[in-house]
Ligand SMILES: Cc1cc2nc3c(=O)[nH]c(=O)nc-3n(C[C@H](O)[C@H](O)[C@H](O)COP(=O)(O)OP(=O)(O)OC[C@H]3O[C@@H](n4cnc5c(N)ncnc54)[C@H](O)[C@@H]3O)c2cc1C
């Protein structure tokens, strides 16, 4: 993917079939679906691809054991099917992850055991392995740092795990390889209309400040927690459809959970599921569910963990581990905002994780809600919707069996901390020349996951990364200084204080 080539295509194409606003899981998935059906497709993100919620997930490709507890059978069935398809289509990114549900009370074994058998059964042929009851000894063998006091046994089950930002980049590459045009750092600033009907968007290149009017037969708003802001551009009187809930994660060293098995705590004090999951040689702990009302773009793009959220995770995970992590053990922490489709219920933990497609009077299509796991299905649904709405000739969705880009590429290192200098140069060269990596943050937060794995170390490496990027991008010393400073400012939010 080359940004300059993409901009040339933007200017030389008089009209697009489908224009997508938002380059997170939903928008990128929609771009893959639309391009592989042969539609002339363009996508814009105001920042980097997956800068929003889509790089801040728990990194699970899952049916959602919690949704099963809530009795949301439809969502679990759909997500389990998607889990199976994604593991087939992106085997380089999604792997089979073993989880243990530790049992400290007599009823937990039979209760969760039966639930997880139902989960296996619902996955059918796309299952990742049967759940099993474990003795106390077997449980401790798989998760030796579980608190042994009062432990009765455990249940092991399987779900998928992935790297969210990397999947986002590979989706962008997949769409680009099917002639899609995808542009990061290109905010949509207005909706174009003819006879009160949407006919395109106004966009602005963040770097050159050039503005463009882009004509398109269909415009799809896939902007997650920004959904209402974009709907407002279309109709300032629209009814708000999204509410936000924040979830945070803490990243700690592997010593807190050595081995490959993750832990799932099905029920914390406030009825949440808590995970401790091995990820890129660290452990990700999370998450929370805090209703939020951020209003400005900056806090929607870079939400910050609240002190009480950090305390909540440390306290609850401490109940289950033989050694309790404390603040000084946190290598990084990150917050994400869930775009939840509004319902009458006031508690966000019970708001809908299902997706919603809506059509404005102007013809603007909005898709929101859902989860990373179901991005493909969301994309299929919204492109089908666009076809029907426009009475276009039917074109079959191609993505259920579509191998995603990246299967035959060397894996990008998850972090840069132990790379030799030529390896770091290669990773930067690849990111800049082929993955539209534009800033030091893009490289350290999303092309690699250095910032999420160790924020302090990432800050220390920012000057060298900025210099190497500058050499690759023909930038001067002031760019290096600015990039390093900007990165530090952002990365400070990932440090415990
Ligand atoms: C804490 C947490 C944990 C989660 N864990 C999981 C998990 O383990 N598994 C799972 O399946 N799901 C998980 N999810 C859900 C999943 O991450 C989200 O459903 C998904 O990432 C939402 O993607 P999206 O594309 O709709 O939104 P986003 O990723 O937010 O993308 C929207 C994009 O729109 C762009 N945008 C906004 N306005 C404009 C504009 N005017 N012009 C151009 N671009 C614009 C933004 O910059 C952003 O990149 C989790 C969510 C959270 C918050």
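The values are calculated or read from the model by the stated rules, or taken from the named source; none is laboratory data. Predicted, not measured: the structure shown is a model, and the values here were computed from it. Note that we place each Cβ from the backbone using ideal geometry, even for glycine, and neighbour counts take in every protein chain shown.
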ask   = Does any residue of the range 403-422 turn out to be outside any loop (DSSP other than H, G, I, E, B) and without any contact (Cβ under 8 Å) to a residue 60 or more places away in the chain?
value = yes
task = Name every residue in the range 52-69 that is touching a helix residue (DSSP H, G or I) at 6+ places or on another chain (Cβ under 7 Å) and either near the ligand (Cβ under 10 Å from one of its atoms) or farther than 20 Å from residue 127 by Cβ (or both), in order of residue number.
result = 52, 53, 54, 55, 57, 59, 61, 62, 63, 64
task = Could you list all residues from the range 228-265 that are within 8 Å of the ligand (Cβ to nearest atom) and out of contact with any helix residue (DSSP H, G or I) (no Cβ under 7 Å at 6 or more places or on another chain)?
result = 229, 230, 233, 246, 247, 249
task = Check whether at least one residue in the range 43-51 is over 30 Å from residue 272 (Cβ atoms), more than 11 Å from the ligand (Cβ to nearest atom), not assigned by TED's automatic domain parsing to the domain that holds residue 90 and not in a helix (DSSP H, G or I), and report yes or no.
result = no
inquiry  = If I filter the range 62-79 for residues that are touching a residue at least 60 places away in the same chain (Cβ under 8 Å) and within 24 Å of residue 180 (Cβ to Cβ), do I get at least one hit?
reply    = no
query = Quick check, is residue 305 at pLDDT below 95 and either under 24 Å from residue 411 (Cβ atoms) or within 15 Å of the ligand (Cβ to nearest atom) (or both)?
reply = no
query = Residue check: is residue 8 out of contact with any helix residue (DSSP H, G or I) (no Cβ under 7 Å at 6 or more places or on another chain) and more than 14 Å from the ligand (Cβ to nearest atom)?
reply = yes
Criterion violated by residue 188 - all others in (1) within 13 Å of the ligand (Cβ to nearest atom); (2) out of contact with any strand residue (DSSP E or B) (no Cβ under 6 Å at 6 or more places or on another chain) satisfied = (2)
ask   = Tally time: how many residues in the range 455-496 are farther than 19 Å from residue 251 by Cα and outside any helix (DSSP H, G or I)?
value = 3
ask   = Would the range 240-257 turn up any residue that is in a loop (DSSP other than H, G, I, E, B) and closer than 20 Å to residue 102 by Cβ?
value = yes
key: Among (1) within 11 Å of the ligand (Cβ to nearest atom); (2) over 16 Å from the mean Cα position of the chain (by Cα); (3) surrounded by fewer than 22 Cβ atoms within 10 Å (Cβ to Cβ), the one test that residue 127 misses   = (1)
message = Just to be sure I understand, how many residues within the range 331-344 are at pLDDT 90 or above and more than 16 Å from the ligand (Cβ to nearest atom)?
response = 1
query = Listed residues 109, 129; which is in the same structural domain as residue 263 (by TED's automatic domain parsing) and in a helix (DSSP H, G or I)?
reply = 109
message = Take residues that are modelled with pLDDT under 95 and more than 20 Å from residue 7 (Cα to Cα) and tell me which of the strands (runs of 3 or more DSSP E) falling wholly in the range 149-206 contain 2 or more.
response = none
